[in-house]
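Worksheet for the structure shown next.
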Amino acid sequence: MRFPIERIYISYGNSRPGSRLSKVRFIVAHDTGNPGSNAIGNRDYFQETMPKSSAHTFVDDQRIIEMIPIDEVAYHVRYSVPTDNELYGYNANSAAIGVELCYGGSISFWDAYTRYAWYLAYLCQVYGLNPKTDIVSHKRLDPARKIDPENVLKQQGIPFKQFLNDVYRMYVSLR
C-alpha cells in the first residue's frame, strides 16, 4: 500500500518561517480539532490567514498534503510546554514533524485513519524513527490544553497504543 503525497507549500510568513529543523528526532500526532475540515481546506486556511501556528502535513480520506517542507520548522507545539524537551531532548517545533488528522463531516474516518497511519509509518522509515517510541501525541506534550489525537481515536475505539501498533504494522510492510 502506498499513497501519493502532495507537496503544496504555503508561502513564507507567520505560519512558515523558513527555518531549518535541527534534525528530525520525533513526530507529533495531531488532529485538526475542526470536524469536517479537509486537508486542502486546512492548507488554504494557513496560506490565507498565516497565523503563528502550523503543522507540516494534513491528512484526510482523499489526500496527504504537506504544506511545509518536512525539513523546515512548523509551529505545532507551544514552546512554553517542557514535555517535548524532557522526553526527546528537543523542542518539538525545532526537531519534530507535526501531522494532522482530518476527520468528521463527510470524511471517511477509516480511509483517513489508514492514510494517516501509513504516512506516519512512511516518515518513520525515511527518517530512521521507531514508530513505537518516536511518535507522541499532542495530548501527551500539552495535557492541560490538548486532547488530540486521542479524543478522535477514542471515539472510534482506538487507544493511542493501538494506533502506534497500527503504524508499526504499516512500517514493517514498507521495509
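The values are calculated or read from the model by the stated rules, or taken from the named source; none is laboratory data. This structure is a prediction, so every number in the text was calculated from the model and none was measured. Using ideal geometry, Cβ is built from the backbone for each residue, glycine included, and neighbour counts are taken over all protein chains shown. All accessible areas refer to the heavy atoms of the entire protein, side chains included, with ligands and DNA or RNA removed. Shrake-Rupley method; radii C 1.70, N 1.55, O 1.52, S 1.80 Å.
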Exercise. Just in the range 1-42: which trypsin sites (Lys or Arg not before Pro) are loop by DSSP and have at most 12 other Cβ atoms within 10 Å?
Worked result: 2, 23
For this session: At 7 Å along the Cα-to-beta-carbon direction for both residue 147 and residue 1, put a label point, then send me their distance in nm to one decimal.
Result: 2.7 nm
Problem set entry | Carbon/sulfur fraction of accessible area - the chain, other protein chains in place, 1.4 Å, % | 47 percent
Seminar exercise, completed: Sorted by chain and number, the residues with a modelled amide H under 5 Å from that of residue 72, at a separation of 5 or more or across chains, are 21
For this session: Hey, can you grab everything whose amide H is under 5 Å from the amide H of residue 103? Only 5+ residues off in sequence or another chain; H modelled, so Pro and N-termini drop out.
Result: 32, 36, 37
Problem set entry | Amide H within-cut-off set for residue 27, under 5 Å, with H built and near neighbours excluded | 97, 135, 136
For this session: Would you mind checking the radius of gyration and Dmax of the range 1-75 based on alpha-carbon positions, in Å?
Result: 12.1, 35
For this session: Mind grabbing the accessible area of residue 67 for me, 1.4 Å probe, Å², rounded to tens?
Result: 0 Å²
Seminar exercise, completed: PRE zone check, label point 7 Å out along Cα-to-Cβ of residue 44, amide N under 20 Å, scope the range 61-86, hits 61-68
Exercise. Just the accessible area for residue 146, please: 1.4 Å probe, Å², rounded to the nearest 10?
Worked result: 60 Å²
For this session: Return the whole-Å distance between the Cα centroid of the range 1-44 and the Cα centroid of the range 104-140.
Result: 13 Å
Problem set entry | Helix runs (DSSP H) in the chain reaching 20 Å along axis by Cα, Kyte-Doolittle at least 0.0 | 109-127, 160-174
Exercise. What number, in percent, do you get for the relative contact order of the chain if the mean sequence gap of Cα pairs under 8 Å and at least 6 apart is divided by its residue count?
Worked result: 28 percent
Exercise. Counting only DSSP beta bridges with both residues in the chain, what percent are antiparallel, rounded to the nearest 5?
Worked result: 20 percent
